[in-house]
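Structure, as structure tokens:
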Amino acid sequence: MVTPVKAHVFTDTTAQSFLKQAPGQQPCIGSVAFTFGTEVPDDTDVLIAFNRSSYTIKTQVPKERTIFIAAEPDVIHPYSCRFLNQFGLVLTTTQKPLDTEKRNRAVCWYWWAGFDFSDNGNHRGYDWFKTLTPPQKQDKIAIVTSTKVHTEYHRKRMRFVETLSSVPTIGVISAVSAG
């Protein structure tokens, strides 16, 4: 039997936001066992800091086994080089030069698909999505987007959606705001 790698996700968000992405909503995937929260267990092998820069993280995990995942681009939530350089690996969209390993990736926000925002907790996760079959193709599109317009790219996205919605031959089913 293989001893699982103990990975802790440093977050103030509920574990459910992450576990709904895993088969059976279980905290073990393969040989990795995940824990979540702002308290880092002493036996943690790998520390993943998810979008948190306003906390002091107390840990004995060596830098080379720490990861920081930025959930927002710099224009929304900039992180200082000093902060990012504390980690062994940084996943971000920042163009800032860092003294640590950096991988430029699209932002990694929570997977809200299937999330029930009412208090009944009826979340549709990995298992539910895995059972879906592709629907019949239509000659229309549906757009679900945020109405945020804080940045130049937010505004460009909204102009694009409005333009598509106004062209009858495109066949937009609906343009819905996700907030």
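The values are calculated or read from the model by the stated rules, or taken from the named source; none is laboratory data. Note that the structure is predicted; figures quoted are calculated from it, not measured. Methodologically, a virtual Cβ is constructed for each residue, glycine included, from the backbone with ideal geometry; neighbour enumeration extends over all protein chains shown. For accessibility, only protein heavy atoms count, side chains too; no ligands or nucleic acids. Shrake-Rupley method; radii C 1.70, N 1.55, O 1.52, S 1.80 Å.
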note = Screening D119, D99 for residues that are out of contact with any Ser or Thr (no Cβ under 7 Å at 6 or more places or on another chain), closer than 29 Å to I48 by Cβ, open to solvent by 80 Å² or more (accessible area, probe 1.4 Å) and at pLDDT below 75 leaves only D119
Residues of segment 157-172 satisfying the condition of being over 30 Å from H77 (Cβ atoms) and either surrounded by fewer than 11 Cβ atoms within 10 Å (Cβ to Cβ) or modelled with pLDDT of 85 or more (or both) = S166, V167, P168, T169
request  = Taking only segment 22-44 into account, find how many residues are more than 18 Å from the chain's Cα centre (by Cα) and closer than 14 Å to K58 by Cα.
outcome  = 6
key: Residues satisfying the stated conditions in segment 125-142, i.e. open to solvent by less than 90 Å² (accessible area, probe 1.4 Å) and not in a loop (DSSP other than H, G, I, E, B)   = Y126, D127, F129, I141, A142
note = A106 vs (1) over 30 Å from G24 (Cα atoms); (2) within 20 Å of the chain's Cα centre (by Cα); (3) of a type outside the set (F, W, Y); (4) surrounded by fewer than 12 Cβ atoms within 10 Å (Cβ to Cβ): all pass except (1)
task = Scan segment 143-156 for residues that are in contact with a strand residue (DSSP E or B) (Cβ under 6 Å, 6 or more places away or on another chain), in a loop (DSSP other than H, G, I, E, B) and open to solvent by 90 Å² or more (accessible area, probe 1.4 Å) and report the count.
result = 0
request  = Determine whether segment 124-134 contains at least one residue that is over 24 Å from A49 (Cα atoms), modelled with pLDDT under 85 and of a type in the set (A, V, I, L, M, F, W, C).
outcome  = no
task = Kindly provide the set of residues from segment 13-53 that are open to solvent by 20 Å² or more (accessible area, probe 1.4 Å) and either touching a Gly at 6+ places or on another chain (Cβ under 8 Å) or assigned to a helix (DSSP H, G or I) (or both), ordered by number.
result = A15, Q16, F18, L19, Q21, P23, G24, Q25
query = In this structure, does T94 turn out to be surrounded by 12 or more Cβ atoms within 10 Å (Cβ to Cβ), at pLDDT 80 or above, hydroxyl-bearing (S, T, Y) and in contact with a Leu (Cβ under 7 Å, 6 or more places away or on another chain)?
reply = no
ask   = Can you tell me which residue in segment 51-69 is modelled with the lowest pLDDT, limited to those that are farther than 15 Å from G88 by Cβ and not charged (D, E, K, R)?
value = S53
